[in-house]
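J.: I'd like to ask some things about the structure below.
The values are calculated or read from the model by the stated rules, or taken from the named source; none is laboratory data. Nothing here was measured: the structure is a model prediction, and the numbers come from that model. When we count neighbours, we look across all protein chains shown, and the Cβ atoms used for this are built from the backbone with ideal geometry, even at glycine. Accessible surface is based on the protein model in full, side chains and every heavy atom, while ligands, DNA and RNA are left aside. Shrake-Rupley method; radii C 1.70, N 1.55, O 1.52, S 1.80 Å.
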Amino acid sequence: MKIAIAFTGFLLTFFHSYSQDNSKRISGQVKDTRNEPVPSATVRLLNAADSIVVETKMTKENGKFVFDKLSSTIYRVQVTSAGNKMYSGGPLTLDDNHPEIILPVIILLPAKTMELKEVTVTAKRPLIEQELDKTIVNADAMIGSAAGNTLEILEKTPGVTIDQDGSISLNGNGGVMVLIDGRTIYMSGADLAAYLRSLPGSMVDKIELMTNPPAKYDAGGNAIINIRLKRNRIKGYTGTVSVNGNLGKETFRSYNAAGINYLNRKVNLFVNAAYSRDANTSNDQSVRSFYNPGGVKTSELEIVNRFRYRSREISGRVGMDYTFTPKTVAGFVFNYGYRPRTEENDYRNNNDTYSSPVDSAGSGMMNGKFRWKNLSANGNFTHRFDDKGKELSIDLNYIRYLSRGEQVLQNTISLPSADSSYDFLYQLQPGIRIYNAKADYTHPIGRLKLSAGTKFSWVESDSQSDYYDMVMGLPSADLSKSNHFIYRENINAVYVNGRRDWKRISMQLGMRLENTATKGEQRGNAVVAGSVVQTNYTNLFPSVFASYKLDSAGKHTLSASFSKRLNRPNYQLLNPFLIFRDQYSYGSGNPFLGPVYGTRFELSYRFSQYLGLTVQHDRLTDNIIDVTEAEGNIFITQPDNRGSGHMTGFIINSNYSPVKGWTMNLDARTALFYNKTILTGDNVILRQQAYRANLFNQFTFRNDWSAEVFAMWTSRIIQWQRIVEPRWRVNGAIQKKILKKKGAIKLSVEDIFYSWRIKVNTVGLKDIHFVTTNIQDTRRMAISFNWSFGKETFARKRKANDNGADDLKGRVE
């Protein structure tokens, strides 16, 4: 705590020495044709040279606005307000001789009709936007986003990789924390992948990528991906409808959503509902070759798994913000989801030796039925003490995940002498309960923006798995294989953060202090003894961001960042329950897992939104890796803190328009990995140079037609014990706007050449060669329909802050 207090004093001393500097500014007032002030109008300050948005402000209750801390260059001001025509001003020059410009009163002319019959969005956001501490990917810029789910959008996002088991990596590093609207969803792996598949892509507004998150975010996770859902902030009522069908070679999927929003002077009410039908197939073929110490092959085991799942989800979201005063807003959000899911897995195997014919053959099947429920509630409060940015926000959250299911497994082994079979049943009852509360306070001091906050979270994961042998069709409990694991986690955190902007330099320093206390309890029974594992650790996590504008217009920018992070093991990884996949493959958790610590440094250059170059260096210790070990011909996979190493990478991102109507975004990256681990008792060093490239092409044609082509390629990648061979895919989509541009019909094709096949070599197994090939139903054709509707009654006099929702939106960033 003393270190945190000293760091706070350092921030105040460091920044305050500069806080008295004068800054260049542009100010003005917006009124309507009746000479009434227009509050909550959107005022954009643009760079006159290329029309890039420098800053956006909302007018106050008296219609006034101020842009300060500006550099010497030429600007333009653009003003929009519902019910009025857009105002676009001429060039405004700021320099040492003209440090301040006070504009004449800006008069907004009314639209042709005072009651708008429709809501049409014509501005098109770029695919990628860059800010000081994050990269923003706008989902609407992808035509195919509305025809798929959220996980598929993530897979197309530059730098994001989705593994075969649903694990998410960013810039080559796993352990990514995923947020929805700034709130942790406390899921990972297969559970997180299933949840993101159930969210229609049409609900996603943008994705924020933070490789070095600032101090106000939890220190957990090697990086943060924040998925922002759509939310209208236009007065009156507006809504959207999205319907689509998605057909693959073997499965049909559909992701549908509808939402309506109502906003007036005091109330912002929003309701969203979604229905999704998801399905996929996964065909695994693995070959395990066994050798004697002399290198001669002695036997070979071939295993074929055919896995299928089908699920449906009904989800709803309702929320309201209420503006008590122009400076005080409170609100709530409720979410509910229900997802029944069925799974089937058919498998067969042949175990061949070279001294006789087939030594043995086996087959089996698994049928599973599950019911998953999610309930979450959020209460929030924001109060602005003044118009200079002094603000307090409070967030309270409750989240409940509950699942009930069972798996029936039937197995047969055929030997030359006789056949044998055994059947068994799992009854699974996992559940997670989460409470958390956080408070954030922002206090500007001159040109220094100082913020501090605290957070409390408590999590309980209760997972009960009952095992039954099936004897003559009746279940018989086997307590030796049953499991009841309860995990409790309490995290308490405080942080302080300071940001200061000069003419060309911006700097942000932060420090976060977190204490973590955990208790994992293995409940015993009449056969298995109980056990308890407890941990308690406290850490400091610094973060630093700095940027420098190489020219007065800010087109060329250098930036650097550094942060320390940790990645806590997820709850499923801590559960020691033994999971059956097939007769020769098992998996389990590890209750003794500890956190992974990492540091990251980045140095970047950016030319406007056209070119970005980044060099990054990551270092990890005690990394959690999935370790596969052989006991005879049975493979058991378990996570363990066995990895350490570092990675140095180079990233280039470029936006280019070869001709009018054609825009290209190229994201290419390479990284050198150096990892050390222990496999089968031996020290293993893994070195590799990896490459990845995404090419996103957008085409605009006449008569409201547009199209896109997306291509992805990855080289061979080492994932610790697993080496993933190169793979590639190409997607395409075409769109036609209809209904006076309020609607759109989109046709898309995923994995056109059916090339997205995953081949994995597992290394580090003594005298064993293990190769797996996975093929899924990835080539799909989809058609979707989107429609935006709305009716807004424009009120001349608006004395309240109608954009309280915008203030709330920023409270968790």
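J.: Compare the Cα positions of VAL304, THR323, PHE334 along the charge dipole of the stretch 294-344 (+1 at Cβ of Lys, Arg; -1 at Cβ of Asp, Glu; about the Cα centre) and return the one farthest towards the positive end.
T.: Among VAL304, THR323, PHE334, the one farthest towards the positive end of the dipole of the stretch 294-344 is THR323.
J.: Using only Cα atoms, what is the ratio of the radius of gyration of the stretch 456-510 to 2.2 N^0.38 Å?
T.: The stretch 456-510 yields a ratio of 2.57.
J.: Mind checking the log10 I(q)/I(0) for the stretch 672-792 at q = 0.09, 0.10, 0.13, 0.19 Å⁻¹? Debye, one equal scatterer per Cα, no solvent, two decimals.
T.: -0.45, -0.52, -0.71, -1.05
J.: So what's the back-of-envelope 222 nm ellipticity for the chain, counting only DSSP H runs of four-plus at -39500 (n - 2.57) apiece and dividing by all residues, rounded to 500?
T.: Rounded to the nearest 500, the figure is -1500 deg cm²/dmol.
J.: Also: Using only Cα atoms, tell me the angle between helix 2-16 and the longest principal axis of the chain; keep it within 0 to 90° and round to the nearest 10.
T.: For helix 2-16, the angle is close to 30 degrees.
J.: Would the stretch 158-310 count as rounded, prolate or oblate if I go by the C-alpha gyration tensor, calling it rounded below 1.5 in a/c and otherwise prolate when a/b exceeds b/c, oblate otherwise?
T.: The shape class here is oblate.
J.: Take the alpha-carbon centre of the stretch 321-399, take the same for the stretch 250-285, and report the distance between them in whole Å.
T.: Rounded to whole Å, the Cα centres lie 14 Å apart.
J.: Over the stretch 175-314, what percent of the accessible surface lies on carbon and sulfur atoms, probe 1.4 Å? Present the calculation step by step, with values, prior to reporting the outcome.
T.: Working: 2680 of 4760 Å².
The value for the stretch 175-314 is 56 percent carbon and sulfur by accessible area.
J.: Using modelled amide H (1.01 Å from N, peptide plane; none on Pro or chain starts), what sits under 5 Å from the amide H of LYS24, excluding residues fewer than 5 places away?
T.: Hits under the 5 Å cutoff: LYS69, LEU70.
J.: Enter the accessible area per residue of the chain (Å², integer; probe 1.4 Å; all protein chains in place). Please report the intermediate quantities before stating the final value.
T.: On the way: 35920 Å² over 813 residues.
Each residue of the chain exposes 44 Å² on average to a 1.4 Å probe.
J.: Let me ask something additional. Under a straight-distance cross-link criterion of Cα-Cα below 24 Å, which lysines are reachable from LYS549, leaving out those fewer than 8 residues away in the same chain?
T.: Within reach: LYS24, LYS57, LYS69, LYS134, LYS449, LYS503.
J.: Show me 539-546, 728-735 ranked by packing, highest mean number of other Cβ atoms within 10 Å first.
T.: Result, highest mean first: 728-735, 539-546.
J.: Give me the one-decimal Kirkwood hydrodynamic radius in Å for the stretch 559-706, with the sum taken over alpha-carbon pairs.
T.: Taking every pair of different Cα atoms in the stretch 559-706, averaging 1/r and inverting gives 19.0 Å.
J.: Also, I was wondering about something else. May I ask you to list the lysines whose Cα is less than 19 Å away from that of LYS455, ignoring any residue fewer than eight positions away on the same chain?
T.: LYS2, LYS216, LYS438, LYS564, LYS809
J.: So I have (1) 1.07; (2) 0.94; (3) 1.01, and one of them is Cα Rg over 2.2 N^0.38 Å calculated from this model. Which one is it?
T.: Step by step, Cα Rg over 2.2 N^0.38 Å for this structure corresponds to label (3).
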